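The values are calculated or read from the model by the stated rules, or taken from the named source; none is laboratory data. Just so it is clear, the model here is predicted, and its values are computed rather than measured. Neighbour counts run over all protein chains shown; Cβ positions are idealised from the backbone, glycine included. Surface accessibility is based on the protein's heavy atoms, side chains included, excluding ligands, DNA and RNA. Shrake-Rupley method; radii C 1.70, N 1.55, O 1.52, S 1.80 Å.
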Amino acid sequence: MKKAAVPSILVAVVLLALGVTAEAQQPKKVARIGYLSSGDPASESARSEAVRLALRELGYIEGQNVAFEYRYADRKLDRSPELAAELVRLKVDVIVVAGGGGWVRAVKNTTKTIPIVMVGVGGDPVKEGLVESLARPGGNVTGITNLNTELGGKRLELFKEAVPKLARVAVLYDGTNQNSISEVKEVLPTVARALGLTLWSWDVRAADGFERVFVALNKERPDGLYVTPGGPLIFANAKRVANFALKSRLPSMYNIREAIDAGGLMYYGADLADSYRRVAYFVDRILKGAKPADLPVEQPTKFEFVINLKTANQIGLTIPPEVLARANRLIK
C-alpha cells in the first residue's frame, strides 16, 4: 500500500506545481477606465489625480491592474459624441464622465452597455433624463450630482452677507441651458425678495455675447455680479467673466471653482475634491460586478466656501469678519 501511494503522491505534487506555474503565468486582468472630461488636461489634472489616488487606495495600481484612457474636449460640447465613440471602441470597462449633463448624455447615447459614472453634473439628473431616480438609477448611468442649481439661494445669501451694501445684482446666465433657466426663474427670485435684492438677468447664448453684456454692466453699475451654473458656455468663459468683474471693481459670486483663481471674489458649492475622490467607490463597485442601475446616485455631503481676499483688496471691499470665519479657504 505504501509503495503504491508514493507514485500517486509524486504525480499529485507535479500536477500541483504545474498548476501553480500555469496560474502564475496567466496575465492579471487589467481594468480599463475611460475618462472623458469637458475641460483640458491642465485644468482637469487635480481632479483626475484625485480619482487615480483614491483608486490606488482601493488596490488599483496603474500599470499593474488598471489603465486609464483620457479624452479631453477643451470645453467644446460638439466633440463629446466623437470622444465618447473613441472610448466605446476601445471597449473600456467603465467610463467616468467629468462634465455636465450634456456630456453624460453624449456617452449614454453612444453606449447602453458600458457603465457610466458621472461627476460634475450640476442639475437634477432625473429631470435631465440621465437616470430614472436617484435611489434606482436604472440603465447604465450612476455617480454623483453636485446640486449647483439647488444651491443658488445659499450663494445669494452668502453674497449679501459678504457685501452688506449689495442691493442690485446682475445675474449672468445661459438662456439655452435648462439648469440656468431654472435657477434664474425659480430659485433666485424667492431668495432675492427675502433679502431685499433686485435682480437683473442677462442672457448670454454665444461667446460673442459677453462683450455686449460687459458694456451694459459698465453703464448700469450694479452692486454685484452673480454667475449661474450655465453649462459649457458659461464654464468656458468663467475666467473671462472673472477678469471683467475684477477690472470693473465688481464683487462677484460663482459656482465655478476655477473662476476664483482667475480673480473672482467668491465660490460656494460642492467640495469637488471630495466628489472626485468618491468616484473611486463607484468604479470599484462596478469593476467587482455591481450594476450602475442598482447603485444610488449620491449628492454631495461636503461643501466649500472660498473667498479671494486679493480680489477683495483690489476692488476695495471689506468683508465682515464673521463671513471670513465661515470660509473653508481664503486666497491671500
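Couple of notes before you dig in:
- Computed from backbone phi, the HN-Hα couplings of region 35-46 come to 10, 9, 10, 6, x, 10, x, 5, 6, 8, 4, 5 Hz, rounded to whole numbers (Karplus: 6.51 cos²θ - 1.76 cosθ + 1.60, θ = phi - 60°; Gly and Pro given as x).
- Spin-label model, residue 207 to residue 167: label points 7 Å out along the Cα-to-beta-carbon direction sit 3.9 nm apart.
- Note on residue 258 and residue 218: the model spin-label points, each 7 Å out from Cα along the C-beta direction, lie 2.5 nm apart.
- Averaging Cα coordinates gives a centre for region 69-103 and one for region 276-321; these two points are 21 Å apart.
- Of the residues 156, 250, 195, the one that moves most in a GNM of the chain with alpha-carbon contacts below 10 Å is 195.
- For residue 65, residues with placed amide H under 5 Å, excluding near neighbours: none
- For the chain, the longest principal axis of the Cα atoms and the long axis of helix 209-220 meet at an angle of about 40 degrees.
- Using a simple spin-label model with pseudo-atoms 7 Å out from Cα toward Cβ, residue 132 and residue 178 lie 1.9 nm apart.
- Annotation: region 130-226 has a Kirkwood hydrodynamic radius of 15.1 angstrom, from the mean reciprocal C-alpha pair distance.
- Stokes-Einstein translational diffusion, the chain - Kirkwood Rh over all Cα pairs, 1.567 mPa s, 4 °C, in µm²/s: 59 µm²/s
- Whole-number percent relative contact order across region 27-84, with pairs defined as alpha carbons under 8 Å at least 6 apart: 54 percent
- Region 92-161: trypsin sites (Lys or Arg not before Pro) in DSSP loop, at most 16 other beta carbons within 10 Å: 112, 127
- Debye intensity ratio in log₁₀ form over the Cα atoms of region 68-179, taken at each q of 0.10, 0.22 Å⁻¹: -0.37, -1.20
- Computed [θ] at 222 nm, deg cm²/dmol, the chain (DSSP H ≥ 4; -39,500 (n - 2.57); rounded to nearest 500): -13000 deg cm²/dmol
- As a calculated quantity, the FRET efficiency between residue 290 and residue 46 at R0 = 30 Å, using C-beta atoms, amounts to about 0.65.
- Share of carbon and sulfur in the accessible heavy-atom surface of region 50-185 [1.4 Å probe, %]: 50 percent
- Set of lysines with alpha-carbon distance to residue 108 below 20 Å, sequence-local pairs under 8 removed: 76, 91, 127, 291
- Normalising the average separation of contacting C-alpha pairs (under 8 angstrom, six or more residues apart) by the number of residues puts the relative contact order of the chain at 18 percent.
- At an R0 of 25 angstrom, the distance between the Cβ atoms of residue 302 and residue 190 translates into a FRET efficiency of 0.45.
- In range of the label at residue 57: residues from region 122-165 whose backbone nitrogen is under 20 Å from the point 7 Å along Cα→Cβ: 143-146
- Tilt relative to the chain, helix 152-162 - C-alpha long axis, 0 to 90 degrees, to 10: 50 degrees
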